[in-house]
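Written below as C-alpha cells is the structure these notes are about.
The values are calculated or read from the model by the stated rules, or taken from the named source; none is laboratory data. Keep in mind the model is a prediction, meaning the values are calculated, not measured. Neighbour counts are summed over all protein chains in view; Cβ atoms, including those assigned to glycine, are modelled from backbone coordinates with ideal geometry.
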Amino acid sequence: MTVEVVAESLAGTAVHDFSAIGLFLEADLVVKFVTLLFLGCSFWCWTIIVHKRGILSRLNHRANRFEDSFWSGESLDKIYARVKKSKEDPMLRTFSAGMDEWKAGVVGGVPSSKTMQASLRQRVERSMNVAIGREMNQLERGMTFLASVASTAPFIGLFGTVWGIMNSFTAIASSNNTSLAVVAPGIAEALFATAIGLVAAIPASIAFNVLSSSLNRYADRLEAFTDEFSAILSRHLDSHEVGMQGNKKK
C-alpha cells in the first residue's frame, strides 16, 4: 500500500509542470482568465508609465527653455509672436491664453479706470487658470487606470487564490488522497494567481504615487508662471496709470 501511494505521488509529480508557463497552461479556466487579465493590465500600466515619464521630461525641458526666454528681457509681444509659430505645450498654451485675453482687453487702448484694469487682470488670470485646468486634465489621463489596478489587483488575485485552493480541496475529495501530489497543483495555481496580481499592482501603485507627484509639481509650475505673468501685467498697468497722472499734472 505504501509503495502504491509513493508511486502515485511520483506519477502526479511527473505530470504537473510547476514552471510559470506550465502552471498557466494547466490552470483552471478561471485562473487563466485572471492571469490574462493581469498581464493585459500590467502591459497597459507600463505603457502609461513610460509614456507619462517621457512627456513630463519633455514638458519640463521645454518649460525651462521658455522661462529662460521669458525672463531674458525680450518683449512679450515678440515672445507671443514666436510662441504662435511654435509647437504648443501646456506652458505655451497658458501663456497664449493670457496674452489673447490681454490683447483683447487693450485693443482700444489700456483701460484708464481702476475698475476696468482690475477686471482685465481677473479675466487674464481666469483664462490662464482655465487653460491650466484643461491641460492638466489631458496630462492626467491614464492615472485613474493606474490607481484602479493598484487598488483592485490584489483583491482579484485573492479571488484567484481562493479559486485555486477550492480546486485543491476538490481534488482531495475526488481522489480521497491528501498527498502533496494531489494538493500541490491547486495550491500552485493559487499562489501563481496571487503573484501575478502583485506583479501588476506593485508597479502601478509606485508609478501612480511618483507620477502624481510629478504632475502636481508641473501644475504648481504653471500656476507660479500665471502669478508671475499677472504681476508683470499689473506693473504695466500701474506704470501706465502713473504716466497718465503725470501727463494730467503737466
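If we scan the stretch 102-111, do we find a residue that is in contact (Cβ under 8 Å) with a residue 24 or more places away in the chain and in a helix (DSSP H, G or I)? Yes, that holds for at least one residue.
Annotation note: of Val110, Val83, the sole residue that is in contact with a His (Cβ under 9 Å, 6 or more places away or on another chain), more than 30 Å from Thr194 (Cα to Cα) and surrounded by 11 or more Cβ atoms within 10 Å (Cβ to Cβ) is Val110. Only residues that are more than 13 Å from Glu101 (Cα to Cα) and in contact (Cβ under 8 Å) with a residue 60 or more places away in the chain: list them for the stretch 112-144, please. Residues satisfying the conditions are Ser112, Lys114, Ile132, Glu135, Met136, Leu139, Glu140, Gly142, Met143. Could you list, in sequence order, all residues of the stretch 68-113 that are of a type in the set (Asp, Glu) and farther than 19 Å from Ser234 by Cα? Asp68, Glu88, Asp89, listed by residue number. Looking at the stretch 123-162, which of the residues that are of a type in the set (Lys, Arg) and in a helix (DSSP H, G or I) is farthest from Ala231 (Cα to Cα)? So, considering only residues that are of a type in the set (Lys, Arg) and in a helix (DSSP H, G or I), the one farthest from Ala231 (Cα to Cα) is Arg134.
Within the stretch 65-74, can one find any residue that is under 29 Å from the mean Cα position of the chain (by Cα) and exposed (fewer than 13 other Cβ atoms within 10 Å of the Cβ)? Taking every residue of the stretch 65-74 in turn, at least one turns out to be under 29 Å from the mean Cα position of the chain (by Cα) and exposed (fewer than 13 other Cβ atoms within 10 Å of the Cβ). Check the stretch 133-148 and report whether any residue there is among the β-branched types (Val, Ile, Thr) and surrounded by 13 or more Cβ atoms within 10 Å (Cβ to Cβ). The answer is no, given that none of the residues of the stretch 133-148 is among the β-branched types (Val, Ile, Thr) and surrounded by 13 or more Cβ atoms within 10 Å (Cβ to Cβ). Filtering the stretch 106-122 to residues that are within 19 Å of Asp77 (Cβ to Cβ) and at pLDDT 85 or above leaves Leu120, Arg121.
Among Ala224, Ala207, which is in a helix (DSSP H, G or I), touching a Lys or Arg at 6+ places or on another chain (Cβ under 9 Å) and either buried (at least 20 other Cβ atoms within 10 Å of the Cβ) or modelled with pLDDT of 80 or more (or both)? Just one listed residue meets the conditions, Ala207.
Restricting Gly186, Gly246 to residues that are over 18 Å from Arg126 (Cα atoms), touching a helix residue (DSSP H, G or I) at 6+ places or on another chain (Cβ under 6 Å), modelled with pLDDT under 90 and of a type outside the set (A, V, I, L, M, F, W, C) narrows the list to Gly186. When the stretch 86-101 is filtered for residues that are in contact (Cβ under 8 Å) with a residue 12 or more places away in the chain and hydroxyl-bearing (Ser, Thr, Tyr), the ones remaining, listed by number, are Thr94, Ser96.
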